[in-house]
Amino acid sequence: HKCGEHAKLRIITSKRKMRSLLRCNGRITQQIRPVTQSAANQSELLAVWIFHRHGDRTPGQPLVEDRYRDEESAFWRTKIPPVDQTYYDMLSEKFPATVHPENNSGRFLDAGSGREPYGFLTWKGMQQLYEKGRVTGQRYRPENNEPFTDYWNVQAFSTNYLRTVKSLQCFLDGICGVGHYLVGKSGNGSFYEHVDPDSYIQANHIPKIDIFVRDPKQETLNRFDTSPELMKSLVRDVVQTPEFLEQDSKAAPLAARLSNYIPGLIRLRSPHGSPSKINWIHAADHFICRLSHDVPINAFSHLEHNQDVEQMLQSMNHATISHLATRFRLWYNSPPLLAAMMLPLLTDIYNEMMHYANLSNDGRGEIKKPFNIYSCHDVTILALLYSIDAAFLASTSNGLKSNQSVQSEHLGHLHYWPEYACTFVIELSKVRAKGKDDDFLIKFLLNGEVVRTRTSLRKDQDAITIFDFYNLMKNIEI
């Protein structure tokens, strides 16, 4: 991984010093100056970091009464690939995954846990990531039909879940085009569901792209997994604040109503303790997963055919996801918690940016341009948006070039929750302006839409400078 190669780089601790010295491997390179954007500027894309949430999955836990659990479980098994991992093995022929031996002894946290089919990537989720990969491949397609992996140095990383690794495999498949010729033969729905694994493996002979699940000591994508005790402590600090207690207390009546109709919420309490008591991720799951597959909210219960109850539950969907987003907004507005979640990751990215900028200033550049892909979770994408100070999360003002990415959830800006297969992209570009030194810009995109930070919104620009990025890190640093 790049961060290992850049161990000698350090974050420069003053803005004045950073503007005057850029050191790489102990040598002073050309100064990077603040950018001035104009219509005459010419831009060269130097590096890309892509973060995607895993695709559509089954609920994380069964929340129905015990007498209906077998029926519900049987239904969700029809929505996922065989649990014998035939299709994971198929994709691994092109995109093999290696789990670090220190990470759960080299095994996925979800596969083989006895939880099947709960928490597993669905056929629909596989198709979602494939389609996102196709769009990504088109956006970053090299000129002159050069093979993607000849132009880009693709590095792929995932958290330690079968659903995130398989999502990444499908995303890479969409980028590289292994399964393109099979799309027309797939019929409706996910083409993977109709593909013969042997035919797929023989379809194309592109270079393999390895996927890495890293040592927990180096993993920066989900600190809730790698540093659970630290994160629990920081969350408890937020939960005890007057603002959180006030907001969560307002949701207690909703939590009580949900528990009356979704009995598993009584059993699976929030691990952090709060006035509303329930686990809101599981509550939101119940709505999101069922609506995604056109399943009634009150299915697999004695009230399944009661339309009045179904309508009442449908009316609680918005409020449930909205409160989940509110809780995480309060969590991520806590600088210590946001720093613990994001600062290691942002530091890695910043050091890589400085490295690529220095190489470009030296006229060397990379033989292949860096293209880093990370498969992660909703809480990671949301934390990234808060860490860059995304304007649309800070107020009711629109910080997106268009409002499509937020309106798709029908929750408004402050209650945005990352949907399945959503993508967050960081682009580093070199800007050449006539008669001026080269400058460097960073652009953020959510599902292909430019995301403005509050800094870029004030400047009425779509991008920020490396110095702005550094200041974002300093603002959340403990």
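Of note:
- Qualifying residue in the stretch 290-301 (condition: under 30 Å from Leu168 (Cα atoms), under 20 Å from the mean Cα position of the chain (by Cα) and surrounded by 20 or more Cβ atoms within 10 Å (Cβ to Cβ)): no
- Condition check for Tyr386: assigned to a helix (DSSP H, G or I), over 23 Å from Asp210 (Cβ atoms), among the hydroxyl-bearing types (Ser, Thr, Tyr) and modelled with pLDDT of 85 or more: yes
- Of the candidates Glu193, Glu143, the single residue that is surrounded by 13 or more Cβ atoms within 10 Å (Cβ to Cβ), at pLDDT below 95 and of a type in the set (D, E, K, R) is Glu193.
A quick yes/no check of all residues on (1) touching a Phe, Trp or Tyr at 6+ places or on another chain (Cβ under 6 Å); (2) closer than 22 Å to Phe171 by Cα; (3) at pLDDT 95 or above:
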position: Gly55; (1), (2), (3): yes, yes, yes
position: Thr58; (1), (2), (3): yes, yes, yes
position: Tyr68; (1), (2), (3): yes, no, yes
position: Arg77; (1), (2), (3): no, no, yes
position: Glu102; (1), (2), (3): no, no, yes
position: Thr136; (1), (2), (3): no, yes, yes
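- Screening Gln218 against (1) open to solvent by 50 Å² or more (accessible area, probe 1.4 Å); (2) modelled with pLDDT of 95 or more leaves a single unmet condition, (2).
- Scan of the stretch 305-336 for residues that are part of a loop (DSSP other than H, G, I, E, B) and surrounded by fewer than 14 Cβ atoms within 10 Å (Cβ to Cβ), ordered by number: His305
- Single residue of the stretch 223-241 satisfying the filter (among the β-branched types (Val, Ile, Thr) and over 22 Å from the mean Cα position of the chain (by Cα)) that is most open to solvent (accessible area, probe 1.4 Å): Thr241
- Residue list for the stretch 405-445, filter: modelled with pLDDT under 90 and of a type in the set (S, T, N, Q): Ser405, Gln407, Ser408
- If you go through the stretch 104-131 and keep only what is polar (S, T, N, Q), open to solvent by 20 Å² or more (accessible area, probe 1.4 Å) and either touching a strand residue (DSSP E or B) at 6+ places or on another chain (Cβ under 6 Å) or under 23 Å from His194 (Cα atoms) (or both), you end up with Gln127, Gln128.
The values are calculated or read from the model by the stated rules, or taken from the named source; none is laboratory data. Because the structure is a prediction, the values reported are computed rather than measured. Note that each Cβ is placed from the backbone with ideal geometry, even for glycine, and that neighbours are counted across all protein chains shown. Ligands, DNA and RNA are excluded from the accessible area calculation, which covers all protein heavy atoms including side chains. Shrake-Rupley method; radii C 1.70, N 1.55, O 1.52, S 1.80 Å.
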